[in-house]
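Here is the structure we will look at.
The values are calculated or read from the model by the stated rules, or taken from the named source; none is laboratory data. Owing to the predicted nature of the structure, the values given are computational and were not obtained by experimental measurement. In this analysis, Cβ positions are derived from the backbone assuming ideal geometry, glycine residues included, and neighbour counts consider all displayed protein chains.
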Amino acid sequence: MIAMEYHNNTPDQLQGVQIQIPHIEGNSSSQFFNLFVWIDSLDDTPEYLQTGVKVYYTDTYFDTLQGFTTYALLDSNDQKISLDLPEGQFYIGWEQSDISGQKIPIGYDLNSPAGINFLHFNVGQGWQSGRSSGLRHGSLMIRPVLGVEGVIPTKINNFTEWKEIRLFPNPSEGVVYLDGVDGIPGKIEVFNLLGQLLLETTLQKSIDLSILNQGTYAIKITSVKEQKTTSRLLQMIE
């Protein structure tokens, strides 16, 4: 496990993380990693943990942040969250989920040798300074995304069609049920036919849409963790 140390001069909010994942030593797009955030000090209980984060390459999926893949902080239901950071130190940690598979490379900037002073690693014997790692002096290319505005994650287009989901009744007078989503984190979005988002909620087995007027709506169901999405037309009647 590795971690980069940062310092806040004033309180702020962490919205996401940018990671430079270069195309070297094969393709790691089928691999996953875990993301950690610690506040004040490195210990056994991070303030934030996101497991099973999928690798994306920015030269395959367009991103405007010059080669860095942008990951939003998500809760257990795949909803964006922010983490309050007080003045002082915080750490962003990274760990590959399964080290028996293809290794995930992380960019390392040799033009910023002072970054070695803020690199920490733990191989099961406690946290140690990067200065004792034997690495050439440089900076691990992991960056925090701070501020009050929600982060825009790197655009991804490789979601598979979620064919197993059944939405009923359709037409509906109010409550709509979803079959095939038990225990799966995700979100439900409801759009009108002009593409305007009317409602967004966590993925669940039923949703009450009685507030909608009579008409046709698009229901989009997405799970980032499962890499699946589907859109269905729903007719609301009175």
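Looking at the stretch 115-126, which of its residues are buried (at least 17 other Cβ atoms within 10 Å of the Cβ) and not in a strand (DSSP E or B)?
115, 116, 118
Please count how many residues of the stretch 158-202 are part of a loop (DSSP other than H, G, I, E, B) and touching a strand residue (DSSP E or B) at 6+ places or on another chain (Cβ under 9 Å). Explain how you work it out, then say what you get.
We begin by selecting, within the stretch 158-202, every residue part of a loop (DSSP other than H, G, I, E, B); these are 158-159, 162-165, 169-171, 173-174, 180-186, 192-196.
Next, only the ones that are touching a strand residue (DSSP E or B) at 6+ places or on another chain (Cβ under 9 Å) stay: 159, 162-165, 169-171, 173-174, 180-181, 184-186, 192-193, 195.
Residues flagged as part of a loop (DSSP other than H, G, I, E, B) and touching a strand residue (DSSP E or B) at 6+ places or on another chain (Cβ under 9 Å) within the stretch 158-202 amount to 18.
More than 25 Å from the chain's Cα centre (by Cα), farther than 29 Å from residue 54 by Cβ, of a type outside the set (Phe, Trp, Tyr) and surrounded by 15 or more Cβ atoms within 10 Å (Cβ to Cβ), is that true of residue 172? Give the derivation first.
On the way: more than 25 Å from the chain's Cα centre (by Cα): yes; farther than 29 Å from residue 54 by Cβ: yes; of a type outside the set (Phe, Trp, Tyr): yes; surrounded by 15 or more Cβ atoms within 10 Å (Cβ to Cβ): yes.
The answer is yes for residue 172.
Are any of the residues in the stretch 146-157 assigned to a strand (DSSP E or B) and surrounded by 15 or more Cβ atoms within 10 Å (Cβ to Cβ)? Explain how you work it out, then say what you get.
Here is the first cut: in the stretch 146-157, the ones assigned to a strand (DSSP E or B) are 146.
Of the ones still in play, those that are also surrounded by 15 or more Cβ atoms within 10 Å (Cβ to Cβ) are 146.
Within the stretch 146-157, one or more residues are assigned to a strand (DSSP E or B) and surrounded by 15 or more Cβ atoms within 10 Å (Cβ to Cβ).
Condition test on residue 13, is it closer than 25 Å to residue 123 by Cα, surrounded by 14 or more Cβ atoms within 10 Å (Cβ to Cβ), at pLDDT 85 or above and in contact with a strand residue (DSSP E or B) (Cβ under 9 Å, 6 or more places away or on another chain)?
Values: closer than 25 Å to residue 123 by Cα: no; surrounded by 14 or more Cβ atoms within 10 Å (Cβ to Cβ): yes; at pLDDT 85 or above: yes; in contact with a strand residue (DSSP E or B) (Cβ under 9 Å, 6 or more places away or on another chain): yes.
Criteria not met by residue 13.
Inside the stretch 211-236, can you point out the residues that are surrounded by 11 or more Cβ atoms within 10 Å (Cβ to Cβ) and in a loop (DSSP other than H, G, I, E, B)? Give the derivation first.
Restricting attention to the stretch 211-236, the residues satisfying the condition of being surrounded by 11 or more Cβ atoms within 10 Å (Cβ to Cβ) are 212, 215-236.
The answer is 212, 224, 225, 226, 227.
Among the residues of the stretch 14-30, is any free of Cβ contacts under 8 Å to residues at least 24 places away in the same chain and over 16 Å from residue 84 (Cβ atoms)? First the steps, then the outcome.
First, pick out the residues of the stretch 14-30 that are free of Cβ contacts under 8 Å to residues at least 24 places away in the same chain: none.
No, the stretch 14-30 contains no residue that is free of Cβ contacts under 8 Å to residues at least 24 places away in the same chain and over 16 Å from residue 84 (Cβ atoms).
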